[in-house]
Amino acid sequence: MTRGLAPGSPRAGAEGAGRIFTVPFVSLMVANGLLRICTFMLIALVPLYVVQRGFSTTVAGLTTTCYMLAAVLVRPLSGRLVDTRGRYIVMVLGALLYMVATGLYVPTLPVWALLAVRALQGLGFSFNGTAVTTLATDLIPEGRMAEGLGYLGIEQTVAQLFAPWFALTLLGAFGYRVAFSVVFALGVLNLLVRFPLRKIAVRLDRERRAAERARDETGAGPWWSRIVDEHAWRPSLIMFFLMFGGAAVNTFMAVHAIGHGIANAGLYYTASAVAVAVARLLVGRIERRFGAVWIIAPGITLIAAGLLGIAWSPGLPVLMAAGACYGLGFGSVQPGLNSMAVLSAARESRGLANSTFFMAMDLSQAIGAVALGALASAAGTGSVFVGAAAMAVLTFVLYFVLRARGFLS
């Protein structure tokens, strides 16, 4: 089901030279970095905004659930559109929806409208994430896929490094309206800087469409293969269970830190981001030399240790150390499993493979946020992180069971 690319195509050139940091790839990193800044600012602001308006932690969890559930529901469509309509069109549509939703935070909204805005933003996030990652896999040499996807995540790491701190600083100095206005301005810029990527994306799209039409004519594969890639679901399942930790951190980190008397939780994100950057710089080289198991198994262990550290966190130093553990683990596991999912699929189906992988992440956070929100209401925010750590331990066992049966080869 795969086909070769023309010798003069950008993808062919990238494979021949083995280069990752081409001009289009770096441009894609910069463009997507702006959206990540918006995302991490809102991760810090929105749950705190809901709680400080007098709503429960369950409602705070619902803001993440609406966001991620909308992203999950549109993932299969985004994967199909990325493969059939093109990476660029879907990427710009996602950035536009994200920008519009961000602007709607500026006025004070009733809680139902805030949840609706989060859902709209989830749609934009889903379209953008699938398109950007799939365009990146078109540009990265296949033999260096995990390494390239790790580098792609560095823009997320840079955003995570300062965006939550910046958001909380704006909040403390000027209040929610100014903080949300700054996020909206960055959303507008995020849309504008994507326009120069049109030429390279259209060239790559042209090379895939014949293969996609040929696959549609054969009618091969079960009906559900148009929603979930029939090979990528296996590594995606591992990521699904691990992302319960992401739901805990994204939704309850700031509230938990304040409850422990830690005034600036932004330093947690700083420690975590630095650790993710270190992991992403090393993960590809380790995988090529020793194999995927040597990045995934230690990574899951570090995720569990980091979550337990957050639950304990008697002070800022422990919280930062926990952030470093979690960052090292996530920065190792995510690009390794993403690479496994992409390379298991046919080249013309990489959009669907990426949507399968990210759908698993989104669904996990949607389910995890509401389930962990209920747990937080019943037993406190510390229990959220203990529960997520237990899930990571079970995922460690699941990974080796699937690997032993040859499902992750």
Starting from residues that are among the hydroxyl-bearing types (S, T, Y) and touching a helix residue (DSSP H, G or I) at 6+ places or on another chain (Cβ under 6 Å), keep the ones in region 288-326 and report whichever is farthest from I258 (Cα to Cα). Y326
Could you say whether any residue in region 233-242 is among the β-branched types (V, I, T), assigned to a helix (DSSP H, G or I), touching a residue at least 24 places away in the same chain (Cβ under 8 Å) and surrounded by 24 or more Cβ atoms within 10 Å (Cβ to Cβ)? yes
The correct count of residues that are among the aromatic types (F, W, Y) and either at pLDDT 90 or above or surrounded by 24 or more Cβ atoms within 10 Å (Cβ to Cβ) (or both) in region 106-131 is 2
Any residue at all in region 22-37 that is assigned to a helix (DSSP H, G or I), within 17 Å of L115 (Cβ to Cβ) and of a type in the set (F, W, Y)? no
Could you tell me whether any residue of region 147-159 is at pLDDT 90 or above and in contact with a Gly (Cβ under 6 Å, 6 or more places away or on another chain)? no
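Does region 257-270 contain any residue that is assigned to a helix (DSSP H, G or I), farther than 22 Å from S355 by Cβ and polar (S, T, N, Q)?
Scanning region 257-270 turns up at least one residue that is assigned to a helix (DSSP H, G or I), farther than 22 Å from S355 by Cβ and polar (S, T, N, Q).
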Restricting to region 44-80, count the residues that are over 30 Å from A345 (Cα atoms), basic (K, R) and under 18 Å from the mean Cα position of the chain (by Cα). 0
Looking at S383, S409, S339, S332, which is the one that is surrounded by fewer than 18 Cβ atoms within 10 Å (Cβ to Cβ), modelled with pLDDT of 85 or more and polar (S, T, N, Q)? S383
Could you say which residue among A254, A248, A211 is buried (at least 24 other Cβ atoms within 10 Å of the Cβ) and modelled with pLDDT under 85? A254
If A304 meets every condition in (1) closer than 17 Å to I238 by Cα; (2) not in a helix (DSSP H, G or I) apart from one, which number is that one? (2)
Quick check: anything in region 172-190 assigned to a helix (DSSP H, G or I), at pLDDT 85 or above, of a type outside the set (S, T, N, Q) and more than 30 Å from R53 (Cβ to Cβ)? no
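Regarding E217, is this residue under 30 Å from L328 (Cβ atoms), modelled with pLDDT under 85 and assigned to a helix (DSSP H, G or I)?
no
Out of all the residues in region 26-51, which are among the β-branched types (V, I, T) and either over 17 Å from A257 (Cβ atoms) or surrounded by fewer than 20 Cβ atoms within 10 Å (Cβ to Cβ) (or both)? So that I can check it myself, show each step before the final result.
Going residue by residue through region 26-51, those that are among the β-branched types (V, I, T) are 26, 30, 37, 39, 43, 46, 50-51.
Correct list: V26, V30, I37, T39, V51.
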Just to be sure, is T356 among the hydroxyl-bearing types (S, T, Y) and within 30 Å of V59 (Cβ to Cβ)? no
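The values are calculated or read from the model by the stated rules, or taken from the named source; none is laboratory data. None of the values given here were measured: they were computed from a predicted structure. Using ideal geometry, Cβ is built from the backbone for each residue, glycine included, and neighbour counts are taken over all protein chains shown.
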